[in-house]
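Throughout, read-outs are computed from the coordinates displayed, never taken from laboratory work. Note that this is a predicted model, so its numbers are computed, not measured.
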Amino acid sequence: MSSAPPSDHNNVNADNYKPNVNPPDYHAHPNQPIHFIHSEGEISSADDTLQLPIQDPKRVKRILANRQSARRSRERKLQYISELQKRVGKLETDVAALTPRVAFFDCQRSMLVMQNSQIKQRIAVLAQENFVRDGCYETLNKEIGRLSQLYQRQNLVQTDAMTAAIDAGGEDTASIFYQNDLQTNP
């Protein structure tokens, strides 16, 4: 590692360079040329535009490489920011386009929820009516069975009575029973 101060190593910015040390004495070594680094990365002598005095070629190379790396990093950062801004713009456009559709579908969903609730209520009512009908049907079937048995017993009694009348009094008595049966059970 070099013994130069940290500010000389890392944060050399061509646009805002302000050294933390006093400027070197340019006339202390008249036989050595003094080199400068320009913001474009070129090295020039003291006769050109004065910017950053450098005497060690390795340090010059490192500073130039750092500057180029920083420039590339800034360019990548700007490109990344630009891409993010484009993406944000596209997403905002998508949101603006989809917001009415979302509102429409939300309204549709609310209406379907209400319809679903009404249908469930209707199903509950129909199920109750069906339960009542099933109960009525069962009761009516029992009543039909009871009446059928009653009718059969009554028929049996009349048939027995008719048979007994025929045996006892002849056909005239049987026809009277038959006419009475027709009048009571048309």
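Details
- Using θ = phi - 60° and Karplus 6.51 cos²θ - 1.76 cosθ + 1.60, couplings along the stretch 77-84 (whole Hz; Gly, Pro as x): 4, 5, 5, 4, 4, 4, 5, 5
- For the stretch 85-100, the Karplus equation 6.51 cos²θ - 1.76 cosθ + 1.60, evaluated at θ = phi - 60°, returns couplings of 5, 4, 5, 4, x, 5, 5, 5, 5, 4, 4, 4, 6, 8, 4, x Hz by residue, with Gly and Pro reported as x.
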